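This report concerns only the one structure given below.
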Amino acid sequence: MKTLDRMIAFLELKEAHYKHDRHPLSYTARETARAEHIAPRTFAKVVVVHSEEGFTMAVLPADRIVDLDELRAAFGSRHLRLATEREIEELFPECELGAMPPFGNGTLFDMPIWVDGLLMAEETISFNAGTHRDVVQMNTEDWEHLVKPSVLAFAHTAA
C-alpha cells in the first residue's frame, strides 16, 4: 500500500478532518507551498536527522532551515547529522525521495518527531503525502493530537 493510501486510511480511522489536493510536480517545500497557494510558513517540510538514538523527523516551516546545533543542544547529542539520501530511501521505501509526511511516533513511521514551535503557532498545517504531487492539509491541533511531536525551537530564517 502506498504512503498516501496508508495515511488517508489512518486519518479516516482516527476520524480526522483533512483535505487532500494534487498539484503540478514540485520538489522543494517552498515550490509546493506556491503550487498550493499557501503561505510557506504553514507548509511542513520533513528533515531526517540521525543521532546516537537513531533517526528522527525534524519538522519545520518551508520558509525556514534546520539549525543542527540547536537540535544537538536540545537533546544533549554530540553526534547529530542529516540522514543521507540512501538512508532516507531505506527508511521510506514507499515515498518519493523528500516527500515523506510528518507522521512518526508510531503513526505511519516508527520514528520520533520533533517539530519547530513556529509551525505549531499556525492554524493549519500542510505537508507532502508521499509524492511530489499530493498534499494534505489539516488543523494543526488535530495533527499534534495524532502525532504527539516534541515541540522545540530549531528553525531559522532561510538565507
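The values are calculated or read from the model by the stated rules, or taken from the named source; none is laboratory data. Fair warning: this is a prediction, and the values are worked out from it, not measured in the lab. FYI the Cβ positions are ideal-geometry reconstructions off the backbone, even for glycines, and counts take in every protein chain you see.
Rundown of residues vs (1) at pLDDT 95 or above; (2) at positive phi; (3) out of contact with any Leu (no Cβ under 7 Å at 6 or more places or on another chain), yes/no style:
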| position | (1), (2), (3) |
| --- | --- |
| ARG22 | no, no, yes |
| ILE38 | no, no, yes |
| ALA44 | yes, no, no |
| LEU71 | no, no, no |
| LEU80 | no, no, no |
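Taking helices (runs of 4 or more DSSP H) that fall entirely within region 7-119, which contain at least 3 residues that are surrounded by 15 or more Cβ atoms within 10 Å (Cβ to Cβ) and over 13 Å from the mean Cα position of the chain (by Cα)?
Numbers: elements: 29-36, 68-75, 85-91.
Qualifying helices (runs of 4 or more DSSP H): 29-36, 68-75.
Out of curiosity, is LEU146 in a helix (DSSP H, G or I), in contact with a Leu (Cβ under 7 Å, 6 or more places away or on another chain) and either modelled with pLDDT under 95 or among the hydrophobic types (A, V, I, L, M, F, W, C) (or both)?
Working: in a helix (DSSP H, G or I): yes; in contact with a Leu (Cβ under 7 Å, 6 or more places away or on another chain): no; either modelled with pLDDT under 95 or among the hydrophobic types (A, V, I, L, M, F, W, C) (or both): yes.
Answer is no for this residue.
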Residue within region 133-152 that is of a type in the set (Ser, Thr, Tyr) and within 14 Å of LYS45 (Cβ to Cβ) present: no
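Tell me the residue from GLU87, GLU96 that is more than 20 Å from TYR18 (Cα to Cα) and in contact with a His (Cβ under 6 Å, 6 or more places away or on another chain), please.
Values: GLU87 fails: in contact with a His (Cβ under 6 Å, 6 or more places away or on another chain).
Going through GLU87, GLU96 in turn, the sole match is GLU96.
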